[in-house]
Amino acid sequence: MTESTTIRWEQDGTGVVTLVLDDPDQSANTMNQAFRQSLTAIADRLEAEVRADPESVRGIVFTSAKKTFFAGGDLRDLIRVTPDTAQQLLEGGLAIKRDLRRIETLGKPVVAAMNGAALGGGFEIALACHHRVALDAPGSRIGCPEVTLGLLPGGGGVVRTVRLLGIADALLKVLLQGTQYTPRRALDNGLVHEVADTREEMLAKARAFIDANPESAQPWDRPGYRIPGGTPSQPKFAANLPAFPANLRKQTNGAPYPAPRNILAAAVEGSQVDFETAQVIEARYFVELAAGQTAKNMIQAFFFDLQAVNSGANRPRGIEPRPVRKVAVLGAGMMGAGIAYSCARAGIDVVLKDVSAESAAKGKGYSEKLCAKAVSRGRTTQEKADALLARITPTADPNDLAGCDAVIEAVFEDPALKHKVFQEIQHIVEPDALLCSNTSTLPITVLAEGVERQDDFIGLHFFSPVDKMPLVEIIKGARTGDEALARAFDLVRQISKTPIVVNDSRGFFTSRVIGHFINEGVAMVGEGIEPASVEQAAAQAGYPAKVLSLMDELTLTLPRKIRKESKQAVEEAGGTWQAHPAETVVDRMVDDFGRTGRSGGAGFYEYGDDGRRGQLWPGLREHFTRPGHRIPFEDMQERMLFSEALDTVRLLEEGVLTSVADANIGSILGIGFPGWTGGVLQYINGYEGGLPGFVARARQLAERYGERFAPPALLVEKADKGERFTDARRPADA
Ligand code: NAD
């Protein structure tokens with residue numbers, strides 16, 4: 001045995017050394033310090049043994065004793081890297097690369113027997129092997145997802161994928177999108193050499209490779225090797241080079257995502273130099289990303305916060321899970337149809353009810369279309385699609401809801417109608433059925449008054465299109481019980497979506513906060529700023545949808561309706577309605593110009609007869625724009641970002657939001673808050689100058705654009721105390 005602690009050396013009489021990745025202190029193997037030391041010890045021993053007796057080692061197999069092959073970099077370590085400790089990170093990374101390279105060039109065949117997921121660092125270890133055999137285990141994924149955490153594969157992943165696939169394929173198939181492949185798709189794309197169905201078969205294939213290739217080497221270490229597809233120094237390739245920045249721009253929309261840019265640079269620069277220099281170039285670009293704020297934001301959100309949210313930090317403890325077997329979906333319109341599909345896809349029986357058999361059948365038709373598309377694209381089999389569709393029963397008869405243990409209501413946004421449909425079915429479904437409403441704005445406590453069992457009533461706010469959107473906002477009404485909350489949480493997880501939990505309020509968290517983003521964009525049009533610049537500001541801030549086009553999608557009559565109801569509620573409670581400058585713009589668009597948005601065929605944009613979006617309406621310039629009126633572009637972007645962040649702090653003050661992780665994840669997955677920020681509260685944490693910097697900037701915006709930007713008391717207090725927005729249970733702090 002060697003002294004290494006995370007890699008076990010196993011050798012049989014045949015001269016094959018199996019290196020079993022098995023960190024005794026963690027459930028998954030990561031590139032932590034123990035691994036680094038172990039890898040050095042292993043490389044030393046392999047070299048020593050081969051030197052002493054070249055026949056003693058015939059080949060090497062990397063495999064793992066864990067469920068996953070190898071999890072990748074240790075994100076707990078990475079999130080703490082500062083510019084001061086970056087040098088240490090650089091040296092640690094280079095040491096791993098050196099040791100993998102020593103094994104790769106030992107002159108013996110090296111095989112990765114990938115028994116489970118090999119993502120990031122795990123796939124990089126596999127790439128350093130001459131042959132890769134992947135076990136087709138359920139959930140097993142292969143690839144380099146670093147870009148989705150604001151990083152690049154810094155363990156040789158850029159250098160080797162470029163040499164394996166060529167620059168263009170490495171960038172497009174592996175590095176820039178961070179695609180995670182199933183073992184079979186990894187095989188189709190040339191990332192692995194063989195796939196096995198059992199562990200025994202995988203190990204047998206690894207040995208067979210060793211037997212057949214006693215003097216194996218990587219393609220790039222053989223004489224005459226050239227990078228597939230050429231390199232930028234060759235004229236044919238150079239002609240295509242300008243396409244890369246254009247691709248990059250398409251991917252980031254000009255938003256501040258540094259990782260794709262560094263990946264491109266590491267790939268192109270690294271392709272023009274020798275392997276060892278390319279490794280150093282890759283390491284430098286990696287460390288630059290790891291020491292920056294964006295990677296910290298993204299690791300915090302997409303790893304730690306997402307884990308906290310999905311693992312049930314918000315689910316009441318001690319309540320036995322009870323999977324839903326049969327769900328009633330009331331209303332087979334856009335949302336009901338999507339909810340029915342998502343539930344049936346998760347194996348739940350669905351009774352889809354609408355006012356007539358025809359409209360219910362039309363709702364099921366949506367699933368039929370999605371299934372046909374999935375089959376034609378090879379994403380599912382006809383058999384599975386048929387089984388999914390067989391689980392959905394469309395009906396207009398309330399009696400068909402007998403036996404349902406959960407109800408999700410998605411009829412028109414009208415409280416009286418919602419009361420009525422629940423009253424109609426509450427004694428037909430199971431006596432303890434969970435009762436959910438998919439309202440996007442109405443207070444849950446008021447809707448609950450329409451049913452007898454108010455403690456079983458809860459808000460389950462899905463996003464459109466339901467089959468694609470990963471988030472569900474759970475809204476606890478004043479009388480919702482813990483049991484209902486736990487069951488709602490479990491139902492959302494059962495259909496593989498991410499649940500955030502908020503307390504009741506008009507518009508809850510997501511609908512209320514996205515309203516600020518839209519209002520700010522619309523208000524700028526009203527001030528006379530060029531509408532095209534407003535759209536550009538939203539895109540370059542990293543929002544997935546431009547702000548005026550989003551307003552058109554939602555229809556301009558919606559904010560008027562919400563405004564009317566909210567104003568009434570505020571005034572009934574004795575308050576004063578604070579008008580937003582966007583309101584006059586919306587009113588003029590609707591009342592003076594009859595432009596109500598895309599569904600009405602005309603809004604801020606023009607629309608074709610087929611509903612396709614055309615140009616911005618030229619009338620905007622005529623009626624609103626003050627030629628030459630400009631404000632700093634940064635102000636335009638930050639007015640949108642700040643308006644959402646500031647209201648999120650108010651929601652924390654009001655107790656509607658109770659968790660920072662929920663706010664961050666909900667903002668990114670639900671309402672398109674830019675991912676580079678790490679979410680709406682992490683944006684404040686990571687702002688230049690921290691919370692005090694954010695407060696100062698909010699005050700400046702308030703002075704320039706209105707009191708709505710004044711920092712709320714909670715924010716000022718935290719800034720004064722030197723605190724940040726964090727949950728007690730958060731595993732890491734970026
Ligand atoms: P929709 O108009 O597409 O569908 C509503 C459906 O309810 C229609 O098919 C209608 O026939 C049916 N319906 C009406 N009365 C009924 C009754 N008595 N029994 C059964 N069905 C009845 O509306 P939608 O966009 O699917 O929205 C539904 C709900 O979801 C609303 O509360 C809305 O606020 C909410 N919501 C919508 C979105 C969105 O993006 N559209 C997002 C989240 C939540």
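When all alpha carbon pairs of the stretch 555-678 are counted in 5 Å bins from zero, the resulting P(r) reads 2, 8, 12, 15, 18, 19, 15, 8, 3, 0 %. Annotation for Asp12 and Glu452: the two label points, set 7 Å from Cα along the Cα-Cβ direction, are 6.8 nm apart. Just check the stretch 336-454 against the gyration tensor rule for me: Cα atoms, a ≥ b ≥ c as the square roots of the eigenvalues, rounded for a/c under 1.5, and otherwise prolate or oblate depending on whether a/b exceeds b/c. Verdict is prolate for the stretch 336-454. Per residue, the stretch 1-120 exposes 43 Å² of accessible surface when a 1.4 Å probe is rolled over the protein heavy atoms with every protein chain present. If you plug the beta carbon distance of Gln423 and His629 into 1/(1 + (r/R0)^6) with R0 = 56 Å, you get a FRET efficiency near 0.55.
Restricting the GluC sites (Glu not before Pro) of the stretch 8-62 to loop positions (DSSP other than H, G, I, E, B) with no more than 11 neighbouring Cβ atoms within 10 Å leaves Glu55.
Please check which bits of the stretch 252-284 a label hung off Thr105 would reach, taking the label as a point 7 Å along Cα-to-C-beta and the cut-off as backbone N under 18 Å. Answer for this model: 270-283.
The angle between the Cα long axis of helix 258-271 and the main principal axis of the chain comes to about 30°, on a 0 to 90 degree scale.
The percentage of C-alpha pairs in the stretch 518-557 whose separation is greater than 17 Å is 20%.
Per the Cα gyration tensor, the stretch 488-576 maps to an equivalent ellipsoid with semi-axes of 27, 22, 10 Å, ordered largest to smallest. Summarising the label geometry, the points placed 7 Å from Cα in the beta-carbon direction at Ala478 and Glu654 lie 1.5 nm from one another.
Between helix 33-52 and the chain there is an angle of about 20 degrees, using the helix long axis and the longest principal axis of the Cα atoms. Alpha-carbon geometry of the stretch 531-586: the Rg and the Dmax are 14.2, 41 Å, given in that order.
In the chain, the DSSP-assigned H stretches of four residues or longer account for a calculated mean residue ellipticity at 222 nm of -14000 deg cm²/dmol, using -39500 (n - 2.57) per stretch and the full residue count as denominator.
Exposure check, 1.4 Å probe, all protein chains in place: Glu553 carries approximately 100 Å² of accessible surface. Rolling a 1.4 Å probe over the protein heavy atoms gives the stretch 660-734 an accessible area of 37 Å² per residue. The equivalent ellipsoid that matches the C-alpha gyration tensor of the chain spans semi-axes of 49, 32, 25 angstrom, in descending order. With the convex hull drawn around the C-alpha atoms of the stretch 57-141, the volume per residue stands at 98 Å³. With a Förster radius of 25 Å applied to the beta-carbon distance between Phe412 and Ala361, the computed FRET efficiency rounds to 0.85. Taking the average, over residues, of other Cβ atoms within 10 Å as the packing measure, peptides 288-301, 563-576 rank 288-301, 563-576 from highest down. Between Gln33 and Glu572, what FRET efficiency comes out of the Förster formula 1/(1 + (r/R0)^6) with R0 = 60 Å and r the beta carbon distance, rounded to 0.05? FRET efficiency, Glu572 to Gln33: 0.45. Taking K and R as +1 and D and E as -1, what net charge do the other residues with C-beta under 12 Å from the C-beta of Ala582 add up to? Summing Lys and Arg as +1 and Asp and Glu as -1 gives +1.
Against the longest principal axis of the chain, how steep is helix 510-527, in degrees 0 to 90 to the nearest 10, with axes from Cα atoms? That works out to roughly 80 degrees. The alpha carbons of the stretch 18-76 stretch over 40, 21, 16 Å along the principal axes, in descending order. Put simply, the amide H of Tyr607, placed in the peptide plane, has neighbours under 5 Å in Gly614, leaving out anything fewer than 5 places away on its chain. Principal semi-axes of the equivalent ellipsoid, √(5λ) from the alpha carbon gyration tensor of the stretch 1-117, are 26, 17, 11 Å from largest down.
Among the listed pairs Lys97/Lys497; Lys67/Lys497; Lys66/Lys326; Lys97/Lys173, those whose Cα-Cα separation exceeds 31 Å are Lys97/Lys497; Lys66/Lys326. When the solvent-accessible area of the stretch 303-367 is split by element, carbon and sulfur atoms take up 57 percent of it, the probe being 1.4 Å.
The values are calculated or read from the model by the stated rules, or taken from the named source; none is laboratory data. Everything numeric in this text was worked out from a predicted model, so none of it was measured. Cβ coordinates were reconstructed from backbone atoms using ideal geometry, including for glycine residues, and neighbour counts include every protein chain displayed. All accessible areas refer to the heavy atoms of the entire protein, side chains included, with ligands and DNA or RNA removed. Shrake-Rupley method; radii C 1.70, N 1.55, O 1.52, S 1.80 Å.
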